[in-house]
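Student: Here you go, one structure.
The values are calculated or read from the model by the stated rules, or taken from the named source; none is laboratory data. Remember, it's a predicted structure, so these values are computed and weren't measured experimentally. Every residue, glycine as well, gets a Cβ built from its backbone with ideal geometry; the counts of neighbours run over all protein chains shown. Remember, those area values only see protein heavy atoms, side chains included, never the ligands or the DNA or RNA. Shrake-Rupley method; radii C 1.70, N 1.55, O 1.52, S 1.80 Å.
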Amino acid sequence: MRVLVIGSGGREHALAWKIAQSPKLTKLFVMPGNGGTEAIAENLPVDITDHAAVIAAAKAQNIDFVVVGPDAQVVAGLGDDVRAAGFTCFCPSKEAGQLEGSKSFTKALCDEFDIPTAGYARFEDEASALGYIYTQGAPIVIKADGLAAGKGVTVAMSVEEAEEAIIDCFSGAFGESGAAVVIEEFMEGEEVSLFVLCDGETLLPLTTAQDHKRAFDGDTGPNTGGMGAYSPAPVMTSEQYEFAMQHIVEPTARGLAKRGTPYQGVLYAGLMLTDQGPKLVEYNARFGDPETQVMMMRMESDLLPLLHATATGTLKGHDVIWKDAYALTVIMATKGYPGDYGKGSEINGAEGLDTDDLTVFHAGTKRDGSRLLANGGRVLNVTALGNSVREAQDRAYRGVDAVDWPEGFSRRDIGWREIARERT
Ligand code: AMP
Ligand code: GLY
């Protein structure tokens, strides 16, 4: 099978890395890819927002199967266009992709199918939004109603902070995505991500992971796309897992199918483990970044047939096997991220580190001859396996410390919650 992976992040490097191990693969392309995918696949330098250009390149390369990575491409309906051109494609439809693209779409779905989530209200003007928070008080959560690269959410601990977030939103801080705000009840608990493949009808649960969204140690600083993750997340009990499947994931898949817009792809449920049981924080309609990096390290099964079966409605009877180990990834980002940062700084020592227990996935990197340069905010994902989260963490940080990149930074505490539990 000739496979094309679309995207250029650590998630796409991890998917490509795993697909590259499949006996069913004949040739692998990544579009546009990064400095890491270049070593395991052929990078195709195409603008992935230009759907006609993507299709033309896929035709030119005789691609059998297209795998779409990033949220923006899912929400823009790249999957629909690629399928209309005759390709098999792992990517939910634009309709079903609204699970991620529109917070109010998901909230309405939760209402319709009784899916536990935070109470909410939606406003299209600043005055009514402000009026609402004055009656509700804090803590309260303010969200731009659209895609904002994980940065459109403010968990406001005070009314002043909520006011500021609302004013920001309506003053255009998130462009079109801020034309409306969703204001949510604050949910208290620990967050877990649950990944489930869905072929429109059949569900195949993958596994759980825990992300670290804040930029700095101790979960402080601004929200980012994710600074590190580990998998599985043992904090989720089997009862909570069953509950989440039965009351959140299954009704979502059934509900979308019933509406005539079945979901085909990976459902990424962001869950809050509250005292009243798991509640949905949000859905993403694609693999997580950096959760994919840890999942791919742990996955024993061949990924390619699983993705293909998801895309072709033939998931029934498939199974997935995991290594009996924990995986943990540490993101190395350019100083300044998630705010402004420079590009082009040189990275040394990141290559040749890979072993059976350690893989350095690339995100924002590019090659300049023999030099490796930083080319984005999140740059490297140093990912390790271990018999405990602690062991995986030690191994990952040994990898991080072997990289010589003065312009980079990483959190030093990825996995801290689970490591504290492992100690007791
Ligand atoms: P989202 O983009 O919706 O995932 O929100 C980003 C982050 O904000 C989540 O991962 C949570 O940490 C936090 N968050 C979102 N909604 C809530 C909520 N209703 N209660 C508490 N925290 C929330
Ligand atoms: N890890 C967060 C995300 O993929 O959205």
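Student: P(r) of segment 22-115 in 5 Å steps, Cα pairs, percent per bin?
Tutor: Reading the bins upward from 0: 3, 13, 20, 21, 16, 11, 7, 6, 4, 0.
Student: Can you order the peptides 95-101, 201-207, 369-375 by their average number of other Cβ atoms within 10 Å per residue, highest first?
Tutor: Ranking, from highest mean packing down: 95-101, 201-207, 369-375.
Student: When the chain is modelled as a GNM with alpha-carbon springs shorter than 10 Å, which of Ala325, Ala233, Ala60 fluctuates the most?
Tutor: Maximum fluctuation in the GNM of the chain, among the listed residues, is at Ala60.
Student: I would also like to ask the following. Specify whether the C-alpha gyration tensor of the chain places it in the rounded, prolate or oblate class, a ≥ b ≥ c being the square roots of the eigenvalues: rounded for a/c under 1.5, otherwise prolate if a/b is larger than b/c and oblate if not.
Tutor: Working: a/c = 1.36, a/b = 1.18, b/c = 1.15.
Rounded is the answer for the chain, as its axis ratio a/c remains below 1.5.
Student: On average, how much accessible surface per residue is there in the chain, in Å², for a 1.4 Å probe, leaving out ligands, DNA and RNA?
Tutor: Working: 16520 Å² over 424 residues.
Solvent-accessible surface per residue comes out at 39 Å².
Student: Calculate I(q)/I(0) for segment 231-340 by the Debye formula, one identical point scatterer on each C-alpha and no solvent, and give its log10 at q = 0.13, 0.18, 0.22 Å⁻¹ to two decimals.
Tutor: Treating every Cα as an identical point scatterer, log10 I(q)/I(0) equals -0.65, -1.17, -1.46.
Student: Something else about it: Carbon and sulfur together cover what percent of the accessible area of the chain at a 1.4 Å probe radius?
Tutor: Numbers: 7830 of 16520 Å².
Here carbon and sulfur together make up 47 percent of the probe-accessible area.
Student: Top mean-square fluctuation among Tyr337, Tyr263, Tyr132, Gaussian network model of the chain, C-alpha springs under 10 Å?
Tutor: Tyr132
Student: Once the Cα atoms of segment 321-365 are picked out, what are the Rg and Dmax in Å?
Tutor: Radius of gyration, then largest Cα-Cα span, for segment 321-365: 14.0, 41 Å.
Student: Too long at a 30 Å Cα-Cα cut-off: which of Lys103/Lys258; Lys59/Lys94; Lys94/Lys143; Lys24/Lys258?
Tutor: Working: Lys103/Lys258 20 Å; Lys59/Lys94 22 Å; Lys94/Lys143 21 Å; Lys24/Lys258 34 Å.
As for pairs spanning more than 30 Å Cα to Cα, those are Lys24/Lys258.
Student: Hey, what's the Kirkwood Rh for segment 154-228 if you take every pair of different alpha carbons, in angstrom? Walk me through the numbers on the way to the answer.
Tutor: Numbers: mean 1/r = 0.0651 Å⁻¹.
With all distinct Cα pairs of segment 154-228 included, I get 15.3 Å.
Student: Quick one: among Thr224, Thr383, Thr292, which has the greatest mean-square fluctuation in a GNM of the chain with alpha-carbon springs under 10 angstrom?
Tutor: So, out of Thr224, Thr383, Thr292, the one fluctuating most is Thr224.
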